[in-house]
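All of the numbers you see were taken from the coordinates with simple rules; none came from a lab. Not measured: the values here are computed from a predicted model. With ideal geometry, Cβ positions are generated from the backbone for all residues, glycine too; neighbour counts draw on all protein chains shown.
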Amino acid sequence: MRLGIGRWATFGIALLFFVATFLYSESNYGPSFGPSIAAAQQTPSGLESNPTAGNVPGGSRGNNAGGTIWNNIRNGAEGTVSIQDDKAARLIQSEGQIWRNFRSGPLMKYGAWAMLGIVALLAIFFLVRGRIKIEAGKSGTTITRFALIERIGHWTLASSFIILAISGLNTLYGRYVLLPILGPDAFGAISIWGKIAHNYVGFAFMVGLVMVFVMWVMNNLPTKTDIAWIFRGGGMFSKHSHPPARKFNAGQKILFWLVIVIGVSLSTTGISLMFPFEIALFAKTFAFMNFFGFELPTNLTVIQEMQFAQAWHAIQAIAMVVVIIAHIYIGSVGMEGAFGAVGSGEVDLNWAREHHSIWVEELEQAEKNTEPSGNVAEAPAE
Ligand code: HEM
């Protein structure tokens, strides 16, 4: 392609304009970023010793600043204040922009993909595998899977989590998804109530978490059977395959530990967000992680602490929502006979034999060891 003279001329003018702009920005008159950042680093506090010589920065019309003092402030330079709130000594907290960009960027984007992704995966799984049936059909006999107190623990945890998940996701996505549909009045009312619910229901979640942990931790310790269960994919991907399992299979154990670990971390970050600037979790955690080769910042301001708490709280909440969507699927539509375990507490014997064979054998053995009169027979020698 050949360029005509007119185009060469336009190109030349554009180049000149570009060079002139560049030179101007590097001159003393234009805004200059590099030197001022260096200046900010020269003194420990980030402030020049006497940058304005006692005058109003930039003169009364603000046209004489040379950028330096504002750049120092932008880079986190702090002054002193006589009120008790140290945060007021910093005019601009630039990390706030990083946090906001993360929150309204990757967090929302990848969070939405993860949640929609798991729904899509489950839909495909359902189309391919269908509902996992009780292969031998219902026996008509049921056995008790969970006592009332276990079900209360499960539903305290589950119902509180669902409220927290919905109100939390509304805080993150609501203004983009619900506001245009509901309008500002209804959306405002829902969001205020959602926020109040989120704050208080968090405590019910913690109660449920402790109950479930205490009641089920012993049944969720790893055993050798779990390895075989994992290698056979839990029998989920092929019909007529039922790897042996105790009261909880390896998949359930993984869910249990994810719920406990993420649940504890969600609770602690949640409490620190509920009482702003009171609890600093991240500087110490980062210092600990740095022993293992990380290079994380340990000199965090109280505002940065809150920003990390919010970001980590949200990341974990979305991870937990993804895990729980899969759990709800398999505990309801995905598997025939499972819901009774946390509904009435009773499950069909054939369901139990297929999914938790060792657990059923142990129960039957224990029953055999109990005399019909109710006396416990001597336990066989091990
Ligand atoms: C509508 C929502 C839910 C349904 C239908 C449901 C269903 C079930 C069922 C059927 C079981 C027993 C499985 C078995 O007997 O082997 C179970 C257990 C369990 N659920 Fe849920 N659940 C729900 C929500 C939740 C939530 C929100 C959490 C945690 C935040 C949770 C945590 C657990 C845990 C830790 C277990 C024990 C491990 C397991 O069986 O997977 N559940 N759930």
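Here the simple spin-label model places points 7 Å from the Cα toward Cβ, and for Ile162 and Ile325 these points are separated by 1.6 nm. Here the extension length gained between Thr225 and Ser238 equals 2.8 nm, from 0.36 nm per residue of separation less the Cα-Cα distance.
Modelled spin labels at Ala189 and Ala112, positioned 7 Å past Cα toward Cβ, are 2.7 nm from each other.
Taking the charge dipole of the stretch 130-286 about its Cα centre, with +1 at Lys and Arg Cβ atoms and -1 at Asp and Glu Cβ atoms, the residue from Ala280, Asn220, Gly188 reaching farthest to the positive side is Asn220. For the pair Leu258 and Trp155, the difference between a 0.36 nm per residue extended length and the Cα-Cα distance amounts to 35.4 nm. Database remark: amide H of Ile132 closer than 5 angstrom to the amide H of Met335, Glu336 (H placed geometrically; neighbours at sequence offset of 5 or more, or on other chains; Pro and chain starts carry no H).
Between Val81 and Phe294, how high is the FRET efficiency from 1/(1 + (r/R0)^6) when r is the Cβ-Cβ distance and R₀ = 30 Å? Nearest 0.05.
Result of the calculation: an efficiency of 0.35.
Near Met335, once Lys and Arg are set to +1 and Asp and Glu to -1 for all other residues with Cβ below 15 Å from its Cβ, the sum equals +3. Our estimate of slack between Glu278 and Thr171, defined as 0.36 nm per intervening residue step minus the Cα-Cα distance, is 36.3 nm.
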